[in-house]
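Everything on this sheet refers to the single structure shown next.
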Amino acid sequence: MSAVIEVKEGQDELVSYDPATGAEVGRVKQTSAKEVAEAVARSREVFHLWKKTSFADRKALVMKAREVILAEMDEIAHLISAESGKPFGEAISMEIAPVLDLMQYFARKAEKLLKPKSISIGLYALLGRSSKIVYHPLGVVGIIPAWNYPFSIPLGEAVMALMAGNTVVIKPSELTPLVGLKIGEIFARAGAPDGLVQVVTGDGRTGAALVEAAPDKIMFTGSVATGKKIAEAAAKNLTSVVLELGGKDPMIVFEDANLELAAGAAVWGAFCNSGQSCSSVERLYVHEKVADVLTRKIVERTKALKQGVGDGEDVSIGAMSSERQIAIVEDHVEDFRASGARIEIGGTRNRDLEGLFYEPTVITNAHNDMRGMREETFGPTLPIATFRTEEEAIKLANDSEFGLTASVWTRDYAKGKRVAEKIEAGSVCVNEVLYTHGIGQTPWGGFKNSGRGRTHGREGLMELVQPQHIHVNRVALLPDAWWLPYSPIAVQTFRGFARYFASGSIFQTAKLLPQLWKRIRELMK
Ligand code: NAD
């Protein structure tokens with residue numbers, strides 16, 4: 001059974017399959033490079049109208065789009081589940097609910113977050129000057145997401161872009177094109193002007209064409225390899241990019257942690273979405289004294305999970321997205337076996353099911369030199385390693401090219417926060433795991449190879465605007481001392497600037513006043 005998208009040569013068509021059943025979900029266009037360029041050009045035209053809209057108008061559109069989603073929540077969740085393989089319930093809890101929250105937040109708060117801000121300019125203010133920052137939209141924002149959260153990631157980014165006054169072209173993953181088209185349909189039904197939110201379907205070639213078409217920003221979510229290609233291609237037009245890339249996220253469990261909670265969090269964090277979250281728990285480090293107890297609890301909970309076609313409301317673990325992805329999991333698990341780790345449960349495809357199902361797998365005796373502890377697995381595996389000291393735990397967690405998220409489990413909150421700040425990752429939770437992408441109010445992004453830039457939160461909104469500095473001289477009566485022509489008096493004044501004015505002290509600067517006056521008189525002659 002092939003459960004991946006195929007490009008039908010000559011037909012310019014992508015076929016989307018359900019990875020749990022192999023059934024066809026639908027067919028979409030493989031958009032050509034010419035059509036993508038046309039979409040970007042159209043988007044730029046619409047931008048010149050959209051940028052003039054009020055925040056109230058933008059808010060009305062986004063709130064209406066929320067209503068459209070709420071009115072067909074189950075239908076959308078079934079589509080997400082069918083294209084991605086994830087459980088229907090998870091499509092609601094991890095995609096629809098968080099993005100609805102993000103939508104209301106930015107609809108209501110974008111105006112305040114983007115309000116012009118005055119800046120303190122120190123002693124220049126004494127000279128009658130003032131400065132403020134005004135935020136302008138960028139133009140066309142190209143959004144190229146992965147398949148694992150095909151609804152919430154591109155939709156959340158689109159909403160933030162629109163609220164900031166930009167227009168949007170989305171190129172959904174070739175594995176989930178119908179969910180991408182659904183986003184366009186939602187905005188159309190909410191009354192968005194034609195061309196405000198466009199969706200161009202296709203595979204990597206369509207994504208490359210979108211980058212080539214030189215939008216004003218690229219918001220990319222995907223692998224490190226593709227992220228590098230996009231950064232390189234975008235550089236040709238100096239298009240700035242936000243890169244949300246892979247992860248190998250560690251969970252550290254200290255001996256004083258609530259082990260019951262830590263076990264539940266590890267199972268959810270490693271196995272939800274079949275482990276295909278960028279912030280999945282991919283490595284668990286537990287204090288050696290509690291390793292056996294925690295492992296037992298994790299294995300017990302894993303045994304109780306029902307795996308199956310995502311449509312069932314009692315299904316906890318769905319299918320994986322593609323044959324390619326399941327092959328990586330098999331490869332990593334084989335490497336664990338061969339390197340001396342122990343498979344406690346799982347470790348194989350689920351032979352009772354027809355689609356792309358891999359059993360949730362718990363692995364002990366893992367070490368950082370094993371491949372599955374270094375490369376992103378992106379599957380339902382939970383390798384467990386032990387540590388003895390706080391320093392060792394931090395060192396093991398940081399021993400990775402990635403740095404997206406991490407979690408620290410302890411009842412000692414001071415220790416939790418201390419350790420969290422030493423972990424090299426964009427988001428670190430204490431006694432929580434994985435879910436902070438769902439808090440749209442907070443910045444999201446990685447350290448190291450996990451990415452560049454941020455989505456979500458104020459920091460994410462700032463990626464979608466260009467700040468403009470407006471500087472005003474309210475007492476424009478005299479020439480500035482640094483103007484031409486220069487002279488010995490000028491140079492002496494500049495020395496005074498360096499010595500006194502640049503100290504930031506008003507008392508020091510007072511010493512400069514006679515010399516400053518001399519210089520101004522010289523300029524006014
Ligand atoms: P991918 O890199 O294969 O594809 C991502 C997107 O890029 C797809 O839409 C694809 O069509 C497009 N693409 C491919 N080649 C392109 C090119 N040359 N130019 C432009 N676009 C191109 O990634 P994937 O397999 O879809 O996603 C899995 C990866 O995404 C994992 O590494 C995961 O960790 C990461 N991810 C990161 C985050 C995050 O927030 N950091 C979130 C979700 C997923």
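The values are calculated or read from the model by the stated rules, or taken from the named source; none is laboratory data. On a predicted model such as this, the values are computed, not experimentally measured, just so you know. All Cβ positions, even for glycine, are placed from backbone atoms using ideal geometry, and neighbour counts span all protein chains on display.
Of the conditions (1) touching a helix residue (DSSP H, G or I) at 6+ places or on another chain (Cβ under 6 Å); (2) in contact (Cβ under 8 Å) with a residue 40 or more places away in the chain; (3) under 30 Å from residue 218 (Cβ atoms); (4) surrounded by fewer than 17 Cβ atoms within 10 Å (Cβ to Cβ), residue 479 clears all except one; give me its number.
For residue 479, the failing item is (3).
When region 335-353 is examined, which residues are found to be assigned to a loop (DSSP other than H, G, I, E, B) and either aromatic (Phe, Trp, Tyr) or at pLDDT below 95 (or both)? Walk me through how you get there before you give the answer.
Initially, region 335-353 is screened for residues assigned to a loop (DSSP other than H, G, I, E, B), giving 339-341, 346-348, 350-353.
Within region 335-353, just 351 meets the criteria.
Within the set of pairs 6+ apart or on separate chains, which have a first residue in region 33-54 that is over 13 Å from residue 195 (Cα atoms) and at pLDDT 95 or above, a second that is β-branched (Val, Ile, Thr) and part of a helix (DSSP H, G or I), and C-beta atoms under 8 Å apart?
Partner pairs satisfying both residue conditions: 33/206.
Determine which single condition residue 77 fails, assuming it passes every other condition in (1) over 26 Å from residue 216 (Cβ atoms); (2) in contact with a His (Cβ under 8 Å, 6 or more places away or on another chain); (3) among the aliphatic types (A, V, I, L, M).
It fails just one condition, (2).
So which residues in region 436-481 are more than 20 Å from residue 402 (Cβ to Cβ) and among the polar types (S, T, N, Q)?
The answer is 441, 466, 468, 473.
Go through (1) small (Gly, Ala, Ser); (2) surrounded by fewer than 18 Cβ atoms within 10 Å (Cβ to Cβ); (3) within 16 Å of the ligand (Cβ to nearest atom) and name the single condition residue 338 misses.
It fails just one condition, (3).
If I filter region 384-397 for residues that are closer than 21 Å to residue 328 by Cβ and more than 16 Å from the ligand (Cβ to nearest atom), do I get at least one hit? Talk me through it step by step, then tell me what you get.
So the first thing to find is which residues in region 384-397 are closer than 21 Å to residue 328 by Cβ, and the list is 384-385.
Filter once more, keeping what is more than 16 Å from the ligand (Cβ to nearest atom): 384-385.
Yes, there is a match, as at least one residue in region 384-397 is closer than 21 Å to residue 328 by Cβ and more than 16 Å from the ligand (Cβ to nearest atom).
I want to confirm something. Restricting to region 79-123 and keeping residues that are touching a strand residue (DSSP E or B) at 6+ places or on another chain (Cβ under 6 Å) and not in a loop (DSSP other than H, G, I, E, B), which single residue is nearest to residue 135 (Cα to Cα)? Break it down stepwise before answering.
Initially, region 79-123 is screened for residues touching a strand residue (DSSP E or B) at 6+ places or on another chain (Cβ under 6 Å), giving 82-83, 114, 116-119, 121.
So of that shortlist, the ones also not in a loop (DSSP other than H, G, I, E, B) come out as 82-83, 117-119.
Numbers: 82: 40, 83: 38, 117: 9, 118: 12, 119: 13 Å.
Taking the candidates together, the pick is 117.
For region 354-418, please list each of the strands (runs of 3 or more DSSP E) lying entirely inside it that holds at least 2 residues being more than 23 Å from the chain's Cα centre (by Cα).
On the way: elements: 361-364, 381-387, 405-409.
Hits in region 354-418: 361-364, 381-387.
So, in region 229-244, how many residues would count as being in contact with a Leu (Cβ under 8 Å, 6 or more places away or on another chain) and within 9 Å of the ligand (Cβ to nearest atom)?
Step one: filter region 229-244 for residues in contact with a Leu (Cβ under 8 Å, 6 or more places away or on another chain), giving 230-231.
Within this subset, residues satisfying the condition of being within 9 Å of the ligand (Cβ to nearest atom) are 230.
Adding up the residues that qualify gives 1.
Would you pick out the residues in region 210-219 that are part of a strand (DSSP E or B) and either within 12 Å of the ligand (Cβ to nearest atom) or more than 21 Å from residue 58 (Cα to Cα) (or both)? Working first, answer last.
To start, the set of residues in region 210-219 that are part of a strand (DSSP E or B) comprises 217-219.
Once the filter is applied, which keeps residues that are part of a strand (DSSP E or B) and either within 12 Å of the ligand (Cβ to nearest atom) or more than 21 Å from residue 58 (Cα to Cα) (or both), region 210-219 yields 218, 219.
State which residue is surrounded by the most Cβ atoms within 10 Å (Cβ to Cβ) when the search covers only region 7-32 and only residues that are modelled with pLDDT of 95 or more and over 21 Å from residue 79 (Cα atoms).
The selected residue is 31.
The rows are residues; the columns are (1) within 11 Å of the ligand (Cβ to nearest atom); (2) among the aromatic types (Phe, Trp, Tyr); (3) assigned to a helix (DSSP H, G or I); (4) more than 25 Å from residue 376 (Cα to Cα).
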site	(1), (2), (3), (4)
187	no, yes, yes, yes
194	no, no, no, yes
198	no, no, no, yes
208	yes, no, yes, no
227	yes, no, yes, no
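Would you check which residues across region 147-171 are out of contact with any helix residue (DSSP H, G or I) (no Cβ under 7 Å at 6 or more places or on another chain) and either among the β-branched types (Val, Ile, Thr) or within 13 Å of the ligand (Cβ to nearest atom) (or both) and list them?
Hits for region 147-171 are 153, 157.
With 327, 319 as the choices, which residue is buried (at least 24 other Cβ atoms within 10 Å of the Cβ) and closer than 14 Å to residue 359 by Cα? Step through it out loud before you land on a result.
Values: 327 fails: buried (at least 24 other Cβ atoms within 10 Å of the Cβ).
Matching residue, one of 327, 319: 319.
Can you tell me which of 482, 517 is in a loop (DSSP other than H, G, I, E, B) and out of contact with any Lys or Arg (no Cβ under 8 Å at 6 or more places or on another chain)? Steps first, please.
Values: 517 fails: in a loop (DSSP other than H, G, I, E, B).
On inspection, the qualifying residue turns out to be 482.
Any residue that is closer than 23 Å to residue 87 by Cβ and assigned to a strand (DSSP E or B) - is there at least one of those in region 315-333?
Yes, that holds for at least one residue.
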